[in-house]
Amino acid sequence: MPEAVYTHGHHESVLRSHRWRTAENSAAYLLPELRPGLSLLDLGCGPGTITADLAGRVAPGPVTAVDHAPDILPAARAEAAARGLTTVRFATADAHALDFPDDSFDVVHAHQVLQHLGDPVRALREARRVCRPGGVVAARDADYAAMTWYPLLPGLDEWLALYRRVARENGGEPDAGRRLLSWARAAGFTDVTATASVWCFATPEDRAWWSALWADRTTESSYARVAVDGGHATRADLERLADAWRAWGAHDDAWFTVLNGEILCRAV
Ligand SMILES: C[S@@+](CC[C@H](N)C(=O)[O-])C[C@H]1O[C@@H](n2cnc3c(N)ncnc32)[C@H](O)[C@@H]1O
């Protein structure tokens, strides 16, 4: 089985970022496809805020949400319960090898997941297998090399180079956004709509949130541990990069975008 270690882990600083996500800000390209009664599989659901939004849109259709990390599922379950959703079930699963029969779901969705997999093409093949003919497989991933920001702080260049090195050492592909179309075609999809959309952080609130969570992720998350244990950075380096994030966040002109690739693949 292709293995990849989930680079970020589920430290609170990571979940601060995931919990901000909604269907509107993270899956807008998929929303026109959704309607009540469809069944949906969410791969790599994490803390499940997007899952819960999608479940609300397809209810009373059933939603299955899976993640490789069993420790995150209680949070995802709690999110669904807090919203009174009764149509979502959760399970541990590896997206590379799903334990579902062929043609099980109308929609298969994966947000910011393929970039972390050892074999994203295999996972897309699995998604195609479990998706009913006429259904859609939808995936969205950031492209780290295409992230752009102002002011041009050298510490952020260093942060990005380090992140991309560590993610690749873990078996993932941080510049996934630009590769999604090629992965979908390699997985056998012939009807693929490829688009892109950005997250832009430039208000005082967004700057404060984004800079603090990356400063904390840089020193506290699993990524920090792998960076140090793998000999890519010292603790002092990480502290310096976290300071660069804080300096960016304190700047009145600070602006940051995350380019996300998207694919909507029609199953036949
Ligand atoms: C960046 S998070 C995205 C979470 C959620 N989709 C969102 O956007 O908020 C990636 C998630 O994929 C999960 N993951 C990593 N490898 C996986 C695999 N092989 N199969 C299923 N899930 C996996 C991680 O545990 C993590 O929760």
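The values are calculated or read from the model by the stated rules, or taken from the named source; none is laboratory data. Just so it is clear, the structure is predicted and the values come from calculations on it, not from any experiment. Here the Cβ positions follow ideal geometry from the backbone for every residue, glycine too, while neighbour counts run over all protein chains shown. Keep in mind that these areas ignore ligands, DNA and RNA; they rest on the heavy atoms of the full protein, side chains included. Shrake-Rupley method; radii C 1.70, N 1.55, O 1.52, S 1.80 Å.
In table form, for the structure just shown:
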| quantity | calculated |
| --- | --- |
| Residues of the range 34-48 satisfying the condition of being buried (at least 24 other Cβ atoms within 10 Å of the Cβ) and either hydrophobic (A, V, I, L, M, F, W, C) or under 12 Å from Phe105 (Cβ atoms) (or both) | Leu40, Leu41, Asp42, Leu43, Cys45 |
| Residue in the range 5-18 that is part of a loop (DSSP other than H, G, I, E, B), closer than 30 Å to Ala227 by Cβ, more than 9 Å from the ligand (Cβ to nearest atom) and open to solvent by 40 Å² or more (accessible area, probe 1.4 Å) present | yes |
| Conditions (1) within 13 Å of the ligand (Cβ to nearest atom); (2) on the phi < 0 side of the Ramachandran plot: number failed by Arg77 | (1) |
| Qualifying residue in the range 49-72 (condition: open to solvent by less than 10 Å² (accessible area, probe 1.4 Å), within 17 Å of Tyr6 (Cα to Cα) and part of a helix (DSSP H, G or I)) | yes |
| Matching residues in the range 108-119 - criterion: being within 18 Å of Val166 (Cβ to Cβ) and not hydrophobic (A, V, I, L, M, F, W, C) | Gln112, Gln115, His116, Gly118 |
| Ala28 surrounded by fewer than 21 Cβ atoms within 10 Å (Cβ to Cβ), under 21 Å from Ala127 (Cα atoms) and within 18 Å of the chain's Cα centre (by Cα) | yes |
| Residues that are of a type outside the set (Val, Ile, Thr) and open to solvent by 50 Å² or more (accessible area, probe 1.4 Å), drawn from the range 248-268 | Ala250, His251, Asp252, Asp253, Trp255, Leu259, Arg266 |
| Counted residues, the range 219-250 - those being in contact with a Phe, Trp or Tyr (Cβ under 9 Å, 6 or more places away or on another chain) and at pLDDT below 95 | 3 |
| Exclusive hit being within 18 Å of the chain's Cα centre (by Cα) and closer than 20 Å to Ile263 by Cα, set Asp71, Asp67, Asp106, Asp119 | Asp119 |
| Options Arg207, Arg225, Arg240; residue that is more than 17 Å from Pro154 (Cα to Cα), touching a helix residue (DSSP H, G or I) at 6+ places or on another chain (Cβ under 9 Å) and basic (Lys, Arg) | Arg207 |
| Those helices (runs of 4 or more DSSP H) lying entirely in the range 83-194 with at least 3 residues surrounded by 17 or more Cβ atoms within 10 Å (Cβ to Cβ) and more than 14 Å from the ligand (Cβ to nearest atom) | 154-169, 180-186 |
| Selection count where residues are of a type in the set (A, V, I, L, M, F, W, C) and part of a loop (DSSP other than H, G, I, E, B), scope the range 195-212 | 1 |
| Flag for Gly172 being modelled with pLDDT of 95 or more and farther than 19 Å from Gly56 by Cα | yes |
| Test: residue in the range 21-32 that is of a type in the set (D, E, K, R) and either closer than 29 Å to Thr219 by Cα or part of a loop (DSSP other than H, G, I, E, B) (or both) | yes |
